[in-house]
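Chemist: The structure follows.
The values are calculated or read from the model by the stated rules, or taken from the named source; none is laboratory data. Please read all numbers here as calculations on a predicted model, not as lab measurements. Reconstructed Cβ throughout: ideal geometry from the backbone, glycine too, with neighbour counts over all protein chains shown.
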Amino acid sequence: MANLSLQDANTSSADKENINIVFIGHVDAGKSTIGGRILVDTGMVDKRTLEKYEKESKELNRESWYLSWALDTNMDERAKGITVECGRAYFETAARRFTILDAPGHKNFVPSMISGATQADIALLVISARKGEFETGFEKGGQTREHVTLAKTLGVKRLIVVVNKMDDPTVQWSKDRYDEIVEKLSPFIKGNRYNLKTDVTFMPISGFTGQNVKEPISKEVCAWWFGGPALLPFLDTMPSPDRKYDAPLIMPISDKCKDMGTIVTGKLDSGCVAKGDSLVVMPTKQPVEVVAIYLEDLEVAKARAGDNVRLKLKGVEEEDIQTGFVLCDAANPVKAASSFVAQVAIQNIRNIMAPGFRAVLHIHSASEDVTLAKLESVLDKKTGQPAPKKPMFARQGDVVVAEFSLDRPVCMEPFDECGQLGRFSLRNEGVTIAIGKVLRVL
């Protein structure tokens, strides 16, 4: 595939709709293994490479980890068996092209998970069915809960819950265990504003053996799921996400590097981009020109909303761009502000939140320190109307309207005008404490 010409790419892979999937869930649930299995089953990892991974993992006495090495590429991740950075890979089916964003499951690396979820259309929530592992991930402090909440907050509208490790000796494809997990998860997922009928799909799989990943499961292995969907065919036939192809270009920058020029990476949230386009980087208002566009390892002439791309830019140095900057149309630049008014739902805070409170703001691909400047009102939970008395502080469970200030300008838009640049989360002491939406950019 890497040898395809520009013309070939434009008439084959690049014409397929791109779907971005973030793999989320508690550490050790099997996210990287499932990702590796998908890459093997779709021919993205050749047999020789797989045999090499298998041999090396055996030498480290980590035989079951070899599939995850297709996504966990750095040696530290392989040695410890945990994902640290948000891994990236892609695969194709007959109808679609998919970008995998393999998020870390460890609580210390939630910011990397957030960077993956901001680029995703679908979240694949991986749950371990193994005895004790589901419970650990779902208990307070486990990452299953935080990841679901963050996925919804960051605009991921569709959730596929794969109950993994169904082949484990403690499970043996037990319908009772599968039903127990679905029953416990469903109220929590619904409480995060997902519609269980239209937005959520559950299915049992084994990422390690590949059962119910590419091929539907056999009656002999699991009679009660026989006839139910397998993961890859289901992904191929899902309804397409809404795309704003005709809107102005918006691309939050999720990564950058220097490679014979300045390269930026990100997902096109809206609009299209073509080679030769003149754009602007916000909030610095730096004009740039697009000199090359890459879809994974293919160079293409244009890209559109939903594509995860690398753009080579002329007119700006790599050190003048930061993660969280936004590439946009020169005629329609996004807003940038160092203060804003937002509606915030406080979910998980030890004490109280009062003016002067500091936290980390995660909004699209940006991450910045933020200060609560003033509380304007507390909203009544039943009516949504502000209480008559101005609050001195806010506590867990409150929904408030508040003004926040930043140390430097950040790209954002009112939520009603642009959801992807208007929704955010607040984190403090390694925990997500609140979710919110921008009401006014000051």
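Chemist: Do you know which residues across the stretch 245-270 are surrounded by fewer than 18 Cβ atoms within 10 Å (Cβ to Cβ) and among the basic types (Lys, Arg)?
Modeler: Scanning the stretch 245-270 gives a single hit, LYS258.
Chemist: Would you confirm, using the coordinates I've provided, whether PRO248 is in contact (Cβ under 8 Å) with a residue 12 or more places away in the chain, in a loop (DSSP other than H, G, I, E, B) and over 26 Å from the mean Cα position of the chain (by Cα)? Break it down into steps so the answer makes sense when it comes.
Modeler: Working: in contact (Cβ under 8 Å) with a residue 12 or more places away in the chain: yes; in a loop (DSSP other than H, G, I, E, B): yes; over 26 Å from the mean Cα position of the chain (by Cα): no.
So PRO248 does not fit the description; no.
Chemist: Are any residues in the stretch 387-421 surrounded by 18 or more Cβ atoms within 10 Å (Cβ to Cβ), under 28 Å from ASP121 (Cα atoms) and free of Cβ contacts under 8 Å to residues at least 40 places away in the same chain, and if so, which ones?
Modeler: Correct list: PRO414, PHE415.
Chemist: Continuing with this model, one more query. Do you know which of the residues in the stretch 271-282 that are part of a loop (DSSP other than H, G, I, E, B) and in contact with a Lys or Arg (Cβ under 8 Å, 6 or more places away or on another chain) is surrounded by the most Cβ atoms within 10 Å (Cβ to Cβ)?
Modeler: Result: GLY271.
Chemist: Sticking with this structure for a sec: Pick from GLU299, GLU289: which is charged (D, E, K, R) and modelled with pLDDT of 95 or more? Steps first, please.
Modeler: Working: GLU299 fails: modelled with pLDDT of 95 or more.
Being charged (D, E, K, R) and modelled with pLDDT of 95 or more holds for just one of GLU299, GLU289, which is GLU289.
Chemist: What pairs can you find where one residue is in the stretch 303-316 and surrounded by 22 or more Cβ atoms within 10 Å (Cβ to Cβ), the other is basic (Lys, Arg), and their Cβ atoms are less than 6 Å apart, with a gap of 6+ or different chains?
Modeler: From residues that are surrounded by 22 or more Cβ atoms within 10 Å (Cβ to Cβ), the pairs are ALA305/ARG243; ALA305/LYS244; GLY306/ARG243; ASN308/LYS267.
Chemist: Conditions first: (1) more than 24 Å from the chain's Cα centre (by Cα); (2) closer than 30 Å to ASP176 by Cβ; (3) polar (S, T, N, Q). THR284 passes all but one, so which condition is the exception?
Modeler: So the condition that THR284 fails would be (2).
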